[in-house]
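Engineer: Quick one: the structure is below, questions incoming.
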Amino acid sequence: MTAPELPTSLYTSEQVKQLDALAIEQANIAGIVLMKRAGRAAFELLLEQWPQVESVVVLCGAGNNGGDGYVIAALAAQKKLNVHAVAIADPAGLSGDALKAYNYAQQEGVTVIAGSELNTVQIDASTVIVDSLFGTGLSREVEGDYSRAIAWANNSAAPVLGVDLPSGLCGNTGKVWGDAIKCAATITFIGVKRGLLTGRGPAFTGDVYFDDLGVPASIYDAIKPEVTRTSRLALMPSLPEREADAHKGQFGYVLVVGGDVGMGGAAAMAGEAAARTGAGLTGIATQPIHVAPILARCPELMVIGVASGQAIEPVLAKPTVVVLGPGLGRDSWSEQMLQQATLTDLPLVMDADALNLLAEGRVVRKTQRDNWVLTPHPGEAARLLDCSVAEIQADRFAAARAIQTKYGGVVVLKGAGTIIAGADQLVVANVGNPGMATGGMGDVLSGVIGALIAQGLTLFEAAQLGVCAHGDAADLAVQEAGVRGVMATDLIPFIRELLN
Ligand SMILES: NC(=O)C1=CN([C@@H]2O[C@H](COP(=O)(O)OP(=O)(O)OC[C@H]3O[C@@H](n4cnc5c(N)ncnc54)[C@H](OP(=O)(O)O)[C@@H]3O)[C@@H](O)[C@H]2O)[C@H](O)CC1
Ligand SMILES: [K+]
């Protein structure tokens, strides 16, 4: 069963701690009550996900995340399951609500064993592991007993239920503090931590479930989320209806500029994607040798050959948006195409080598514009910020914000959990799958975004809807025939279907 729709507000770990405190102080809900509700919500999800479960191994840390685990162990004991609570952190160090939960587990007859005996724990086909080592309190690299417990869980055949966060994953950024537990499902409480949905998050969470623990809605008024979750359904209303007397002029003219020698396919894919996304007209300005083969594949496209030194003369009408970069290359032809396209004040979608040339400060007169959408993958993003890919991936929210601040416009930082940064908004698109890591996916996306701008969406709307439709289409392509061998053009019919 797919995880139910998550709330759109996303928080940092610190903000959720504030929400916890507000729930306890303002709503007068005792911490142990919240903890018992958390434990119950997690245990009910466990039974729902694994109805055949007979034994449960709960890995407990030193704080309230561990407390959640002791509550889960107590509930499992009440259900007469075979339960082991493994105290990776010495229970003697427990305090507050976590200590109360520990005592509750002992009252319910839970066998609590020391972390040093972890290797004596038997795992069989009916075992489920519960990860209650760390939640929002994780603040540094995991090591020692915790690392060993994480490795033990990752090497065991049993599925893992993550409590609040997969242990080792940073709730703020989606980076991993050394290592993290690979969960089959994760349930997160009170506020969805934004790190669950981007960076390494999707690789460790499994399906993400949310429970508000019954806290009053009013506590959320006090904390403004800096990031929200976007989705195709949220953006569909921005697509214009098509009246009976619609004519192609209403839906704009996308001009794709790219396709250096040998890379005509990239420009063709962007063009076809734009046409299939509903652009009224689609043209491609490319190397002359690509004109015939692209026309042969897609006669609906207007393909213009531009030789070195020639001007780009868009036929018929002025384009309404230029998609610049698919297969553009970095030679003198590439530079002259980029220079001409960036001299216009048309809205631009800048992808691939257009971004690399921009990062190198070559031939782009203005490096700050409001009316462009930059669509870097982490490597291109690193060049745009002159930093390493690791730094980009260590905090993708900060990276997207930094690129938007430096270059203006809208920034689409691609990768697991694509981040979209507007002038004063930051959203994450919780879409996509590993099948998308193949050539041409970015070309298709740039064409889709261009066509949505051509149909009247704002750059920020077009970027969000384009990314979400593209990722959802990739999921449909994977459902159809598996994750290996998905090719970029497989997405195009699904994109068309999803946008209608
Ligand atoms: N507060 C509530 O009402 C609710 C909380 N819930 C759960 O509580 C956790 C947050 O609990 P907290 O105690 O703040 O922190 P953790 O349990 O996540 O972490 C435990 C302690 O671990 C230490 N720490 C941090 N990083 C490391 C590391 N790499 N290695 C070893 N130890 C580490 C840290 O203490 P230090 O003093 O050592 O820094 C942490 O305090 C939340 O996630 C929920 O699961 C309820 O679910 C809801 C109500
Ligand atoms: K956890």
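Engineer: Might you let me know whether region 131-138 holds any residue that is at pLDDT 95 or above and more than 16 Å from ligand 2 (Cβ to nearest atom)?
Structural biologist: So far as region 131-138 goes, no, none of its residues is at pLDDT 95 or above and more than 16 Å from ligand 2 (Cβ to nearest atom).
Engineer: Residues to consider are Gly199, Gly178, Gly206, Gly191; find the one that is surrounded by fewer than 24 Cβ atoms within 10 Å (Cβ to Cβ) and away from ligand 2 (no atom under 13 Å from the Cβ).
Structural biologist: Sole residue among the options that is surrounded by fewer than 24 Cβ atoms within 10 Å (Cβ to Cβ) and away from ligand 2 (no atom under 13 Å from the Cβ): Gly178.
Engineer: Being at negative phi, outside any helix (DSSP H, G or I) and modelled with pLDDT under 95, is that true of even one residue in region 476-483?
Structural biologist: Yes, region 476-483 has at least one match.
Engineer: Thr127: out of contact with any Leu (no Cβ under 9 Å at 6 or more places or on another chain), touching a residue at least 12 places away in the same chain (Cβ under 8 Å), of a type in the set (S, T, N, Q) and within 15 Å of ligand 1 (Cβ to nearest atom), yes or no?
Structural biologist: For Thr127, the condition - out of contact with any Leu (no Cβ under 9 Å at 6 or more places or on another chain), touching a residue at least 12 places away in the same chain (Cβ under 8 Å), of a type in the set (S, T, N, Q) and within 15 Å of ligand 1 (Cβ to nearest atom) - is not met.
Engineer: Name the strands (runs of 3 or more DSSP E) wholly within region 299-367 that hold at least 1 residues that are open to solvent by 20 Å² or more (accessible area, probe 1.4 Å) and in contact with a Pro (Cβ under 9 Å, 6 or more places away or on another chain)?
Structural biologist: Of the strands (runs of 3 or more DSSP E) lying wholly inside region 299-367, those with at least 1 residues that are open to solvent by 20 Å² or more (accessible area, probe 1.4 Å) and in contact with a Pro (Cβ under 9 Å, 6 or more places away or on another chain) span 302-305.
Quick grid of which residues meet (1) part of a loop (DSSP other than H, G, I, E, B); (2) within 30 Å of Val428 (Cα to Cα); (3) within 20 Å of the chain's Cα centre (by Cα):
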position: Gln122; (1), (2), (3): yes, no, no
position: Phe134; (1), (2), (3): yes, yes, no
position: Gly137; (1), (2), (3): yes, yes, no
position: Arg140; (1), (2), (3): yes, yes, no
position: Ser147; (1), (2), (3): no, yes, no
position: Lys182; (1), (2), (3): yes, yes, yes
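Engineer: Shifting gears a bit: Starting from residues that are crowded, with 23+ Cβ neighbours inside 10 Å and assigned to a loop (DSSP other than H, G, I, E, B), keep the ones in region 151-169 and report whichever is farthest from ligand 2 (Cβ to nearest atom).
Structural biologist: Per the stated criteria, the residue is Gly168.
Engineer: Might you let me know whether region 48-56 holds any residue that is outside any helix (DSSP H, G or I), of a type in the set (D, E, K, R) and either at pLDDT 95 or above or surrounded by 18 or more Cβ atoms within 10 Å (Cβ to Cβ) (or both)?
Structural biologist: For region 48-56, residues outside any helix (DSSP H, G or I), of a type in the set (D, E, K, R) and either at pLDDT 95 or above or surrounded by 18 or more Cβ atoms within 10 Å (Cβ to Cβ) (or both): present.
The values are calculated or read from the model by the stated rules, or taken from the named source; none is laboratory data. Quick caveat, the model's predicted, so the values are computed rather than measured. In this analysis, Cβ positions are derived from the backbone assuming ideal geometry, glycine residues included, and neighbour counts consider all displayed protein chains. These area figures cover heavy atoms from the full protein model, side chains too; ligands, DNA and RNA do not enter into them. Shrake-Rupley method; radii C 1.70, N 1.55, O 1.52, S 1.80 Å.
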